[in-house]
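Here the structure comes first, spelled out in structure tokens, and everything after it is commentary.
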Amino acid sequence: MDAEITIIGAGVIGLAIAEKVSKGHSSVFLIEKHPSFGQETSSRNSEVIHAWIYYTKDSLKARLCVEGKKLLYDYCRKYAVPFNNCGKLIVATSEEEIAVIEGIRQTAIKNGVGDLIVLRREEIAGMEPNIFALEALFSPSTGIVDSHSLMKQYETNTINNGGLIVYGSEVTGIRRINNGYEITLIDSDKKNYSFTSRIVINSAGLTSDKVSEMVGIKDDNLQILFCKGEYFRINPPKNRLVNRLVYPVPHPNMEGIGIHVTIDMGGGVKLGPDVKYLGSNVYDYKLTASKQEAFYKSAKKFLPFLEYDDIAPEMTGIRPKIQKPGEPLRDFYIMEESDRGYPGFINLIGMESPGLTASVAIAKYVNSLIIN
Ligand SMILES: Cc1cc2nc3c(=O)[nH]c(=O)nc-3n(C[C@H](O)[C@H](O)[C@H](O)COP(=O)(O)OP(=O)(O)OC[C@H]3O[C@@H](n4cnc5c(N)ncnc54)[C@H](O)[C@@H]3O)c2cc1C
């Protein structure tokens, strides 16, 4: 075999896996179609280190997020990756929303997040004098991370461990052979070549369903649906009026968690993302200026200082959802595919939020699948 382990996709998850597995294995390849890492979902997200507050406990998402949050903070401290454990407020702006807050706290406790604090109006004003809230839930362990620096660190450590990262090469075919797989690539000069690998890890994000199909695993249940999220920024100087993450009480369908305020390591403040399933899997990163009114109205409820012209379109990201519109929350699909006849082929599909938060924990989990 040319490689012991090949990882397809250098987003934050593929990079974290590459770092982890290259510690214990020789000849680890990481293949990425773009000229550098993190050109897709991993650089188009909120950069929030989530606490796993809202959803149910019995899932990989819950387990890997709660474990991943701690591992990610430790990792950032160890390698001086910029982060800010700024905390997050979930704000109730009406009597009905106050009633929802206690339910959220109880769910969080069941998820192992026992540090949430209910804050009254005066306490909120002490922390964030410029926002409006009748009551709030404060999550002290939520934070933000500089995702580019994080990916750079994963890349550096992979290379230092002896891993080989190949940029500008797209995987176009995977064939099962004796004791492994033959992988075909096309490089930036449109040249095709192939090599063999004992283990293949599919971490191809938005096209991970297509990469899975290359080897022969086609499953309607694992079909990715592109789901766009758009952001507006709060222009200076009003970006300085918020210092923490501020979320409204979520709506019951939970496809998204409402237009919220995220801050970044550079002092930027964003509103969003919203949630819109695209009808087809096209990379549509266009900004919709006409959404300004809707963003403004949603945020105005808890940001009373905001005027219509204080915000402007900022960026978009696309979620790799396997959850169909209206369906209950779907879990990450992380599977060693021996049961389908593909030993040593590991699929990661539907790696939406909290994939960034959980990246170190996901890498640890995938490594355990290899060892077993
Ligand atoms: C709007 C939005 C907000 C989010 N906010 C948060 C947040 O605040 N906190 C959080 O924890 N998570 C968040 N997430 C989720 C997080 O961004 C993802 O879970 C994470 O980035 C997924 O990483 P990845 O490596 O799986 O995918 P990607 O970053 O998409 O990387 C996959 C890589 O595979 C490559 N690739 C694909 N096919 C091939 C091929 N055939 N050959 C070679 N290379 C290939 C692609 O080019 C790409 O670089 C958010 C996501 C979105 C969309």
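Of the residues making up region 189-248, those that are small (Gly, Ala, Ser) and crowded, with 18+ Cβ neighbours inside 10 Å are Ser197, Ser203, Ala204, Gly205, Ser208, Ser212, Gly229. Using the structure shown, decide if Tyr365 is in a loop (DSSP other than H, G, I, E, B), open to solvent by 20 Å² or more (accessible area, probe 1.4 Å), at pLDDT 95 or above and among the hydroxyl-bearing types (Ser, Thr, Tyr). Considered against the rule, which asks whether it is in a loop (DSSP other than H, G, I, E, B), open to solvent by 20 Å² or more (accessible area, probe 1.4 Å), at pLDDT 95 or above and among the hydroxyl-bearing types (Ser, Thr, Tyr), Tyr365 comes out as no. Would you mind stating whether Ser359 is among the hydroxyl-bearing types (Ser, Thr, Tyr) and over 30 Å from Pro236 (Cα atoms)? Judged against the criteria, Ser359 is a match.
For region 136-154, a residue qualifies if it is surrounded by 21 or more Cβ atoms within 10 Å (Cβ to Cβ) and not in a helix (DSSP H, G or I), and the qualifying residues are Ala136, Leu137, Ser139, Thr142, Gly143, Ile144, Val145. Checking Asn130, Asn161 one by one, the residue that is in contact with an Asp or Glu (Cβ under 9 Å, 6 or more places away or on another chain) and away from the ligand (no atom under 13 Å from the Cβ) is Asn161 and no other. Residues in region 283-323 that are over 20 Å from Gln39 (Cβ atoms), of a type in the set (A, V, I, L, M, F, W, C) and open to solvent by less than 10 Å² (accessible area, probe 1.4 Å): Phe295, Ala299, Phe302, Leu303, Leu306, Ile311, Ile322. Residues that are within 20 Å of Ile199 (Cα to Cα) and within 14 Å of the ligand (Cβ to nearest atom) do not occur anywhere in region 314-322.
A single member of Arg233, Arg198 is basic (Lys, Arg), more than 22 Å from the chain's Cα centre (by Cα) and over 19 Å from Gly143 (Cβ atoms), and it is Arg198.
Can you list the strands (runs of 3 or more DSSP E) found entirely within region 1-105 that contain at least 2 residues being aliphatic (A, V, I, L, M), within 13 Å of the ligand (Cβ to nearest atom) and surrounded by 22 or more Cβ atoms within 10 Å (Cβ to Cβ)? In region 1-105, the matching strands (runs of 3 or more DSSP E) lie at 3-8, 28-31. The residues on offer are Glu155, Glu170, Glu123, and the sole one that is of a type outside the set (A, V, I, L, M) and more than 28 Å from Gly268 (Cβ to Cβ) is Glu170. Beta carbons closer than 7 Å, at least 6 apart along the sequence or on distinct chains, pair a first residue in region 41-52 that is more than 14 Å from Asn84 (Cβ to Cβ) and of a type in the set (S, T, N, Q) with a second that is open to solvent by 20 Å² or more (accessible area, probe 1.4 Å) and more than 6 Å from the ligand (Cβ to nearest atom) for Ser43/His148.
Has region 290-309 got any residue that is of a type in the set (Lys, Arg), assigned to a loop (DSSP other than H, G, I, E, B) and either more than 24 Å from the chain's Cα centre (by Cα) or modelled with pLDDT of 95 or more (or both)? Looking through region 290-309, at least one residue is of a type in the set (Lys, Arg), assigned to a loop (DSSP other than H, G, I, E, B) and either more than 24 Å from the chain's Cα centre (by Cα) or modelled with pLDDT of 95 or more (or both).
Against the criterion of being farther than 30 Å from Ile177 by Cα, touching a strand residue (DSSP E or B) at 6+ places or on another chain (Cβ under 8 Å) and in contact (Cβ under 8 Å) with a residue 24 or more places away in the chain, Leu222 does not qualify. The set of residues in region 310-358 that are among the aromatic types (Phe, Trp, Tyr), under 19 Å from the mean Cα position of the chain (by Cα) and in a loop (DSSP other than H, G, I, E, B) contains only Phe332.
The values are calculated or read from the model by the stated rules, or taken from the named source; none is laboratory data. Model, not experiment: these values are computed from the prediction. Ideal geometry is used to build each Cβ from the backbone, glycine not excepted, and the neighbour counts take in all protein chains shown. Ligands, DNA and RNA are excluded from the accessible area calculation, which covers all protein heavy atoms including side chains. Shrake-Rupley method; radii C 1.70, N 1.55, O 1.52, S 1.80 Å.
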